[in-house]
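Asker: What follows is a single structure, and I will ask about it in a moment.
Values quoted throughout were computed directly from the atomic coordinates according to the rules given, and no laboratory measurement underlies them. Only a predicted model underlies this, so the values are computations on that prediction, with no experimental measurement involved. We place every Cβ from the backbone using ideal geometry, glycine too, and count neighbours over all the protein chains shown.
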Amino acid sequence: MSSEANLIPAPRRVEPHGGVGPFLGEVRAIVDTTLGPEAYRLTVAADGVEIVGGDEAGVFWGRQTLRQLQGPDAFRQASIDPAPTELPYLTVEDAPRFAWRGFMLDVARHFLPKDDVLRFVDALAAHKLNVLHLHLTDDQGWRIEIKRHPKLTEVGAWRPRTKLGWGGEPLLWDERPHGGFYTQDDLREIVAYAAERHITVVPEIDLPGHSQAAVAAYPELGNRDVVDTAALGVKTDWGISPHVLSPLDSTIAFYEGVLEEVLDLFPSRFVHIGGDECLKDEWRKSPAAQARIAELGLADEDELQSWMIRHFDRWLAARGRRLIGWDEILQGGLAPGAAVMCWRWYRGGVAAAEAGHDVVMCPQQEVYFDHVQSDDPREPVPFGWVHTLEDVYRFEPVPPSLAGTPHETRVIGAQANLWTEVVESRARVDYQAFPRLAAFAEAVWSDLPGPGDRDFADFARRMDTAHYARLDALGIAYRPPGGPHPWQRRPGIPGRMHGSARKTWENA
């Protein structure tokens, strides 16, 4: 690649033609479907700039490359230099490696205002990422207005206080109430804003676990025959709640109503229903749940969860949508049309792909951005395994057991995930996501060699030479290469480290 380009993510081919010329702001944009989805060819020559895209998305990604060539100031919200930008004469030919290049933002644990989400959409677009997965519901908060069930936001969107950090004695609390939610018009705006940037917003409505906020709002959704659900509130600390949805027809009908409104807001092909970390102790103790298992002829509680997942798979398919869920939906048998988001290393994704299901790879041992970025003791609220910038750059979504087999194409892409238990603000989201999201974007866009052959030194050079300045111009409060600024630290807030992630393929 030409040293004068310094592009991130790195394109497949850059051919310098020699010379430079002024860019006067005019671009000839052409769609040529023979290039393929999202592909583009950008030509900068003495007679002007031309972008040929395989579709409108390809033209848009070509404009993002042109923006990078213009220099960091092109990422500011207003021009600060009236002089034309000098551009190198070159041709860039490029196309994405994966169709799903995603980022999951957890707005349930800590709510982010609408404007912060819109701002993050711009950051995704600048890195040619095309899926924003919004985690909208959890034990600690419900963030989407559902008009037929107003208590979901009147009650479920607010908690009286919030645990600080990950334990330690004594426990630390932020005693301020925390909450918020997006109105339906807010979400329509987010979806439309993202669509203008060729980003699909995928909603997640978690079930049957991670549902304490919903049960706090509507106690009849819980297992009332074993728990006083009327006494439950929105969860104020972290960890997995034992309070899960009941498997009754009334609960199914309630969530069908929720999803009817969700489908009206989100045109995405995929709808995420969670399905992870559903503790089944209440079902084991519940006469109503046990009666349901017997009625349906199921073997156990795992099959009961599978029955619920299969129900919503059929329900979504009948409306032209596809269900996607975390890899626990494999337990008890996977619905035929469902796709799997694989977070527990690679095993579930491999099994799903070999069974003919589409897979999005997002293993926590590789691309969970709530995990700490170094072993520097100054890191704010260190959690999980260390995922350095280089670790993320070497992320490979296709494990060796699938590579070169007919099942490889079932890996439709990958996603980086940011859970926000201890990520309480826009600045903290910036710090955890960047610069690692730039490395992730290159791993899922560029047609790179395997992780052991990628040139991290060149990537780091491109970050230092140009990309950190672009992030500065965007106003992103990223983690500096030398460690956190003093104002980015959070001394006194306890963390929780996992030890080694064992970054080998032995568990893939």
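Asker: Simple spin-label model, 7 Å along Cα-to-Cβ: A427 to A469 in nm?
Answerer: It works out to 2.6 nm between the two label points.
Asker: List the residues, sorted by chain then number, that are 5 or more residues from H17 or on another chain and whose placed amide H is less than 5 Å from its amide H.
Answerer: Y89, L90, T91
Asker: What's the extension gain from R161 to D81 if we count 0.36 nm per residue and subtract their Cα-Cα distance?
Answerer: Numbers: separation 80, 0.36 × 80 = 28.80 nm, distance 4.72 nm.
Using 0.36 nm per residue and subtracting the Cα-Cα distance, I get 24.1 nm.
Asker: With the calculation restricted to Cα positions, what are the radius of gyration and Dmax of the range 416-503 in angstrom?
Answerer: Gyration radius and largest Cα-Cα distance of the range 416-503: 14.8, 43 Å.
Asker: Need one number: nm distance between label points at A46 and Q184, each 7 Å from Cα along Cα→Cβ, rounded to one decimal.
Answerer: 5.9 nm
Asker: Something else about it: So what is the orientation-averaged projected area of the range 400-466, using the convex hull of its C-alpha atoms, in nm²?
Answerer: Details: hull surface 25.8 nm².
Across all orientations, the range 400-466 yields a mean hull projection of 6.5 nm².
Asker: Another question about this same structure. Over what distance in Å are the Cα centres of the range 270-303 and the range 231-264 separated?
Answerer: 14 Å
Asker: Right, something else. Would you kindly state how much longer the chain becomes between Q290 and D228 on full extension, computed as 0.36 nm times their sequence separation minus their alpha carbon distance, in nm to one decimal?
Answerer: Numbers: separation 62, 0.36 × 62 = 22.32 nm, distance 1.83 nm.
Additional length available on full extension: 20.5 nm.
Asker: A follow-up question, please. So who's got an amide H within less than 5 Å of the one on V201, skipping anything under 5 residues away but keeping other chains? H placed 1.01 Å off N, in plane.
Answerer: The answer is L132.
Asker: Mind pulling up the Rg/Rh value for the range 210-289? Radius of gyration and Kirkwood radius, both on Cα. Numbers along the way, then the final one.
Answerer: On the way: Rg = 13.4 Å, Rh = 13.6 Å.
Taking Rh as the inverse mean 1/r over Cα pairs, Rg/Rh reads 0.99.
Asker: Determine the percent antiparallel among the DSSP beta bridges restricted to the chain, to the nearest 5.
Answerer: Values: 25 of 64 bridges.
The answer is about 40 percent antiparallel.
Asker: Using a simple charge model, +1 on the beta-carbon of Lys and Arg, -1 on the beta-carbon of Asp and Glu, nothing else, what dipole does the range 13-94 show about its Cα centre, in debye to the nearest 20?
Answerer: Details: 6 positive and 13 negative charges, 30 e Å.
Computed about the Cα centre, the dipole is about 140 debye.
Asker: To one decimal place, what orientation-averaged projected area in nm² is obtained for the convex hull of the Cα set of the range 13-94? Don't skip to the end; give the middle numbers.
Answerer: Values: hull surface 21.1 nm².
Across all orientations, the range 13-94 yields a mean hull projection of 5.3 nm².
Asker: Among N417, Q488, A74, flag the residue with its Cα farthest along the positive direction of the charge dipole of the chain, charges on Cβ as +1 for Lys/Arg and -1 for Asp/Glu.
Answerer: Projecting each Cα onto the dipole axis, the largest value belongs to Q488.
Asker: HN-Hα J couplings of the range 238-254 from phi, Karplus 6.51/-1.76/1.60, θ = phi - 60°, integer Hz, Gly and Pro as x?
Answerer: Rounded to whole hertz, the list is 9, x, 8, 6, x, 8, 10, 5, 6, x, 7, 4, 5, 5, 4, 5, 4.
Asker: Quick one: if you stick a label point 7 Å off each Cα along the C-beta vector at E93 and A457, how many nm between them?
Answerer: The answer from the label model is 2.9 nm.
Asker: Considering every pair of different Cα atoms, what Kirkwood radius, in Å, is found for the range 336-463?
Answerer: Values: mean 1/r = 0.0648 Å⁻¹.
Averaging 1/r across every pair of different Cα atoms and inverting gives 15.4 Å.
Asker: While we're on this one: Mind checking the full-extension length gain between A355 and L118? Use 0.36 nm per residue of separation minus the Cα-Cα distance, one decimal, nm. Mind showing how you got there, number by number?
Answerer: Working: separation 237, 0.36 × 237 = 85.32 nm, distance 3.72 nm.
Contour length minus Cα-Cα distance gives 81.6 nm.
Asker: Taking Cα atoms, how many degrees apart are the long axis of helix 287-296 and the longest axis of the chain, rounded to 10 and kept between 0 and 90?
Answerer: With both axes taken from Cα atoms, the answer is about 70 degrees.
Asker: Next up: Quick one: what are the phi-derived ³J(HN,Hα) couplings along the range 13-26, Karplus 6.51/-1.76/1.60 with θ = phi - 60°, whole Hz, x for glycine and proline?
Answerer: 8, 10, 10, x, 10, x, x, 9, x, x, 9, 9, x, 9
Asker: Right, another one. Could you tell me which of T162, A108, N6 has its Cα farthest along the dipole of the chain towards the positive end, charges placed at Cβ (Lys, Arg +1; Asp, Glu -1), taken about the Cα centre?
Answerer: Farthest towards the positive pole: T162.
Asker: Counting only residues 5 or more places away or on other chains, whose amide H sits under 5 Å from the amide H of A99 once H atoms are built in the peptide plane?
Answerer: Counting only residues 5 or more places away or on other chains, the set is empty.
Asker: Now for a different question. Suppose R0 equals 51 Å. What FRET efficiency, 1/(1 + (r/R0)^6) with r the Cβ-Cβ distance, do T33 and I493 give to the nearest 0.05? Could you put the intermediate results ahead of the total?
Answerer: Numbers: r = 52 Å, r/R0 = 1.03.
In this case the efficiency is close to 0.45.
Asker: Evaluate E = 1/(1 + (r/R0)^6) for E260 and D174, where r is the Cβ-Cβ distance and R0 equals 45 Å; express this FRET efficiency to the nearest 0.05.
Answerer: Working: r = 36 Å, r/R0 = 0.79.
Step by step, r from the Cβ atoms, then E = 0.80.
Asker: Over the Cα atoms of the chain, what is the Rg over Rh ratio if Rh follows Kirkwood? It would help to have the intermediate numbers written out before the result.
Answerer: Working: Rg = 23.4 Å, Rh = 23.9 Å.
Reported Rg/Rh (Cα atoms, Kirkwood Rh): 0.98.
Asker: Please list, in order along the range 116-124, the HN-Hα scalar couplings obtained from phi with the Karplus expression 6.51 cos²θ - 1.76 cosθ + 1.60 (θ = phi - 60°), rounded to whole Hz, x for Gly and Pro.
Answerer: 5, 5, 4, 4, 5, 4, 4, 5, 4
Asker: Using only Cα atoms, tell me the angle between helix 56-70 and the longest principal axis of the chain; keep it within 0 to 90° and round to the nearest 10.
Answerer: 60 degrees
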